[in-house]
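**Student:** Sharing a structure with you now.
What follows is calculated from the coordinates using simple rules that are stated; it is not laboratory data. Here the structure is a predicted model, which means the values were calculated and not measured. Note that each Cβ is placed from the backbone with ideal geometry, even for glycine, and that neighbours are counted across all protein chains shown.
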Amino acid sequence: MLIYIVEDEANIRELESYALEKNGFEVQCFENSGDFYDSIKVRTPDLILLDVMLPGDDGLTVLKKLRDDPAAAKIPVMIISAKTTELDRVKGLDLGADDYMCKPFSVMEMISRVKARLRGVQNNKDEKISFENITMSEDTRTVTAGGAPVELTYKEYELLKMFLANPKIVLRRDDILDRIWGHDSSGRTLDVHIRTLRAKLGEYGRYIITVRNVGYKLDKDE
Ligand code: CA
């Protein structure tokens with residue numbers, strides 16, 4: 001398993017790479033985003049540890065570029081940052097980070113979170129899920145509705161995935177928010193994403209049914 005570390009502070013970089021190598025991972029380190037961009041085109045890592053405050057492109061910009069690139073959108077990204085406010089965390093997760101750790105961090109915890117992420121990746125491989133005419137391929141991270149491709153943002157994709165994994169089950173608003181956006185996110189965020197997701201699914205958007213005062217469910221008929 002190959003892990004890329006993007007971190008400008010040598011001490012932290014060494015701490016992270018030493019611990020990961022001790023645990024049997026192959027590690028490649030980058031002091032800035034430029035070298036990282038070059039390498040990721042050559043070899044895809046299984047996971048990326050990403051600092052936020054970096055020279056050149058900062059970590060959030062790097063993350064956004066990764067998520068916008070179909071070839072890299074699926075790679076798990078764990079942010080390790082000195083920016084520790086709730087807002088920083090939410091911003092990172094909102095852009096599609098899989099995990100967020102604050103500096104200073106426990107190396108043991110970092111290793112166990114990395115392992116947990118990689119287990120998740122392996123379990124999800126080659127998964128195709130569908131409901132009626134909506135189909136999602138986890139392998140290529142693509143969605144079709146009635147056979148036509150649907151372009152989704154990272155969060156819209158995660159939201160649809162939660163529905164497809166729980167068809168005909170009422171999902172509570174709080175549970176959806178918690179799962180997709182983490183704590184402290186507003187209900188409006190969810191409403192906006194539901195609206196755009198329905199619109200993008202076209203005639204199949206109607207399968208996302210509002211359950212008044214509770215949440216939403218994916219179902220065929222009201
Ligand atoms: Ca830094």
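**Student:** Using the Karplus curve 6.51 cos²θ - 1.76 cosθ + 1.60 with θ = phi - 60°, work out ³J(HN,Hα) for each residue of region 50-55 in order, rounded to whole Hz, and write x for Gly and Pro.
**Tutor:** Working through the residues one at a time gives 10, 7, 9, 7, 10, x Hz.
**Student:** Sticking with this one: Only counting other Cβ atoms within 10 Å, I'd like 130, 81, 17 sorted with the fewest neighbours first. Mind showing how you got there, number by number?
**Tutor:** Working: 130 13, 81 21, 17 18.
In order of increasing Cβ crowding within 10 Å: 130, 17, 81.
**Student:** Would you mind checking the tilt of helix 33-42 against the longest principal axis of the Cα atoms of the chain, expressed as 0 to 90 degrees and rounded to 10?
**Tutor:** Tilt relative to the chain: about 70 degrees.
**Student:** Something else: Taking the alpha-carbon centroid of each part, what is the distance from region 1-63 to region 137-198 in angstrom?
**Tutor:** About 29 Å separates the Cα centre of region 1-63 from the one of region 137-198.
**Student:** May I pose another question? If you take every DSSP beta bridge whose two residues both sit in the chain, what share of them, in percent to the nearest 5, is antiparallel?
**Tutor:** Around 50 percent of the beta bridges assigned by DSSP in the chain are antiparallel ones.
**Student:** Sort 209, 194 so that the residue with the fewest other Cβ atoms within 10 Å of its own Cβ comes first and the one with the most comes last.
**Tutor:** If I rank by nearby Cβ atoms, fewest first, I get 209, 194.
**Student:** Which net charge results when you count Lys and Arg as +1 and Asp and Glu as -1 among the other residues whose beta-carbon is under 11 Å from that of residue 170?
**Tutor:** +3
**Student:** Using only Cα atoms and rounding to the nearest 10 degrees, what angle (0 to 90) does helix 10-22 make with the longest principal axis of the chain?
**Tutor:** Roughly 70 degrees, rounded to the nearest 10.
**Student:** Based on Cβ point charges of +1 for Lys and Arg and -1 for Asp and Glu, what charge dipole magnitude is obtained for the chain about its Cα centre, in debye rounded to the nearest 20?
**Tutor:** With Lys and Arg at +1 and Asp and Glu at -1, about 880 debye.
**Student:** A follow-up question, please. Which lysines have a Cα less than 18 Å from the Cα of residue 115, not counting those fewer than 8 places away in the same chain?
**Tutor:** Straight-line reach from residue 115, under 18 Å: 22, 74, 125.
**Student:** Net charge near residue 19, counting Lys/Arg +1 and Asp/Glu -1 over other residues with Cβ under 14 Å of its Cβ?
**Tutor:** Counting the neighbours of residue 19, the net charge comes to -2.
**Student:** Under a straight-distance cross-link criterion of Cα-Cα below 24 Å, which lysines are reachable from residue 217, leaving out those fewer than 8 residues away in the same chain?
**Tutor:** 128, 155, 161, 168, 200
**Student:** Quick one: helix 154-165 against the long Cα principal axis of the chain, what's the angle to the nearest 10°, folded into 0 to 90?
**Tutor:** That works out to roughly 60 degrees.
**Student:** Highest first, please rank the peptides 41-49, 170-178 by the mean number of other Cβ atoms sitting within 10 Å of their residues.
**Tutor:** Numbers: 41-49: 17.1, 170-178: 15.4.
Ranking, from highest mean packing down: 41-49, 170-178.
**Student:** Can you tally the net charge around residue 95? Count Lys and Arg as +1, Asp and Glu as -1, for every other residue whose Cβ sits under 14 Å from the Cβ of residue 95.
**Tutor:** -3
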